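Undergrad: Input: one structure, supplied below.
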Amino acid sequence: MIGDLKKAIGQGNTADVYVQEDRVIKLYKSHFSEEIATYEESKLAFAYQKGLQVPKPLGINKIDGKIALLMAFVEGKTLGQLIETDMDLLDHYLGVSIDVQQKMHAINAVGLEPMADKLARQIKSAGLLTDSEKTALLMQLNSKPMENKLCHGDFHCYNLIEGKTGVTIIDWLDASAGQPLADVCRTYLLYGGFAPAVAECYLTLYLGKTAHKQADILIWLPIIAGARLSESLPESEQDRLVQIVRAHLLNT
């Protein structure tokens, strides 16, 4: 029963997260069906089977009528928490996160949901965009080079736990098979929503560790911003994303 669970260690729009002994219980909100848990579990299992350091999936259950995804508990602190403790370590932990991200992006992910399909679906459901803006973004998406690499879709330092055995990647609901540079752009966009200086530091460090150019990453910005508008976000973040989309569309 839910009453038997201790205080949630994480809360979001989709689910609340609890720890029970040696396992984590991701308890989805009551309006979600079992499909969402199966959807996320399949992605987590894919990453686990590929040898990435992720929580071991332990199945799906029901608790007081709510769907729950069960995973092995990973002890440690997120890289985000460690950065908050000592901002002088920002470059170090962002660098660690980039190393983990590059390892993930090296994995072929044929069989997962294609990123192009996922982004197109999200853009079409972005209520703050006009039909013409959606059409323009979809045309841009269709023109971009796509790959089939493992992309997380919500990769940032608060979804990375440093423990005794290394860094574990959590929260796989938005994973897809696609273009790593689009996934990097998504990370940059997420940081920019609450800490622009961190976003710029991340991008600079990423470029320093790879042969990619900044333009190769930022060319994805209007597409990723438009897709993110399908999510439940604060009004200030919605305004920022709409401005990004419209500014880029005006220049194309």
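Undergrad: Taking the range 10-27, which residues are in contact with a strand residue (DSSP E or B) (Cβ under 9 Å, 6 or more places away or on another chain), under 13 Å from D171 (Cβ atoms) and outside any strand (DSSP E or B)?
TA: The answer is T14, and nothing else.
Undergrad: Take the range 152-176 and flag every residue that is in contact with a helix residue (DSSP H, G or I) (Cβ under 6 Å, 6 or more places away or on another chain) and aliphatic (A, V, I, L, M).
TA: Scanning the range 152-176 gives L160, V167, I170, L173, A175.
Undergrad: Would you check if there is a residue in the range 120-139 being within 18 Å of the chain's Cα centre (by Cα) and of a type in the set (S, T, N, Q)?
TA: The answer is yes; a qualifying residue exists.
Undergrad: Can you run down the residue pairs with Cβ atoms below 6 Å, 6 or more apart or on separate chains, where the first is in the range 230-251 and in the same structural domain as T130 (by TED's automatic domain parsing) and closer than 18 Å to K118 by Cβ and the partner is loosely packed, with under 11 Cβ neighbours inside 10 Å and modelled with pLDDT under 95?
TA: Listed by first residue and then by second, the contacts come to S232/N13.
Undergrad: Look at L189 and say whether it is assigned to a helix (DSSP H, G or I) and either under 21 Å from Y39 (Cα atoms) or free of Cβ contacts under 8 Å to residues at least 60 places away in the same chain (or both).
TA: Yes.
Undergrad: May I pose another question? Would you tally the residues in the range 133-144 being in a helix (DSSP H, G or I) and in contact with a helix residue (DSSP H, G or I) (Cβ under 9 Å, 6 or more places away or on another chain)?
TA: Here the count works out to 8.
Undergrad: If you don't mind, there's one more thing I want to ask. Please verify whether L160 is crowded, with 22+ Cβ neighbours inside 10 Å, over 20 Å from the mean Cα position of the chain (by Cα) and not polar (S, T, N, Q), treating the condition exactly as stated.
TA: no
Undergrad: Looking only at the range 99-121, count every residue that is part of a helix (DSSP H, G or I), out of contact with any Leu (no Cβ under 8 Å at 6 or more places or on another chain) and either buried (at least 16 other Cβ atoms within 10 Å of the Cβ) or in the same structural domain as S42 (by TED's automatic domain parsing) (or both) and tell me the total.
TA: Step one: list which residues in the range 99-121 are part of a helix (DSSP H, G or I), which gives 99-105, 115-121.
Subsequent filtering for residues that are out of contact with any Leu (no Cβ under 8 Å at 6 or more places or on another chain) retains 99, 101-102, 115, 117-118, 121.
The next check asks that each one be either buried (at least 16 other Cβ atoms within 10 Å of the Cβ) or in the same structural domain as S42 (by TED's automatic domain parsing) (or both); those that pass are 101, 115, 118.
Total satisfying the criteria: 3.
Undergrad: Another question, then. Is it the case that the range 207-217 has a residue that's crowded, with 20+ Cβ neighbours inside 10 Å, closer than 21 Å to D91 by Cβ and either small (G, A, S) or without any contact (Cβ under 8 Å) to a residue 12 or more places away in the chain (or both)? Break it down stepwise before answering.
TA: Taking the range 207-217 as the starting set, the residues that turn out to be crowded, with 20+ Cβ neighbours inside 10 Å are 217.
Then drop every residue that is not closer than 21 Å to D91 by Cβ, which leaves 217.
Keeping just the survivors that are either small (G, A, S) or without any contact (Cβ under 8 Å) to a residue 12 or more places away in the chain (or both) gives none.
No; the residues of the range 207-217 include none that is crowded, with 20+ Cβ neighbours inside 10 Å, closer than 21 Å to D91 by Cβ and either small (G, A, S) or without any contact (Cβ under 8 Å) to a residue 12 or more places away in the chain (or both).
Undergrad: Output the residues belonging to the range 122-132 that are part of a loop (DSSP other than H, G, I, E, B), in contact with a helix residue (DSSP H, G or I) (Cβ under 7 Å, 6 or more places away or on another chain) and surrounded by fewer than 19 Cβ atoms within 10 Å (Cβ to Cβ).
TA: L128
Undergrad: Can you pull out every residue in the range 37-65 that is crowded, with 18+ Cβ neighbours inside 10 Å and in contact with a Ser or Thr (Cβ under 8 Å, 6 or more places away or on another chain)?
TA: Q53, V54, P55, listed by residue number.
Undergrad: Which residue is surrounded by the fewest Cβ atoms within 10 Å (Cβ to Cβ), if the candidates are limited to the range 218-235 and must be assigned to a helix (DSSP H, G or I) and either over 20 Å from the mean Cα position of the chain (by Cα) or charged (D, E, K, R) (or both)?
TA: Of the residues in the range 218-235, the ones assigned to a helix (DSSP H, G or I) are 218, 221-228, 235.
Subset that is either over 20 Å from the mean Cα position of the chain (by Cα) or charged (D, E, K, R) (or both): 228, 235.
Numbers: R228: 23, E235: 7.
Once the filter is applied, the top-ranked residue is E235.
Undergrad: Any chance you could count how many residues in the range 50-80 are modelled with pLDDT of 95 or more and either among the hydroxyl-bearing types (S, T, Y) or out of contact with any strand residue (DSSP E or B) (no Cβ under 9 Å at 6 or more places or on another chain) (or both)?
TA: Result for the range 50-80: 2.
Undergrad: If E147 satisfies all but one of (1) assigned to a helix (DSSP H, G or I); (2) more than 17 Å from L173 (Cβ to Cβ), what's the number of the condition it fails?
TA: (1)
The values are calculated or read from the model by the stated rules, or taken from the named source; none is laboratory data. Here the structure is a predicted model, which is why all the values come from computation and not from measurement. Reconstructed Cβ throughout: ideal geometry from the backbone, glycine too, with neighbour counts over all protein chains shown.
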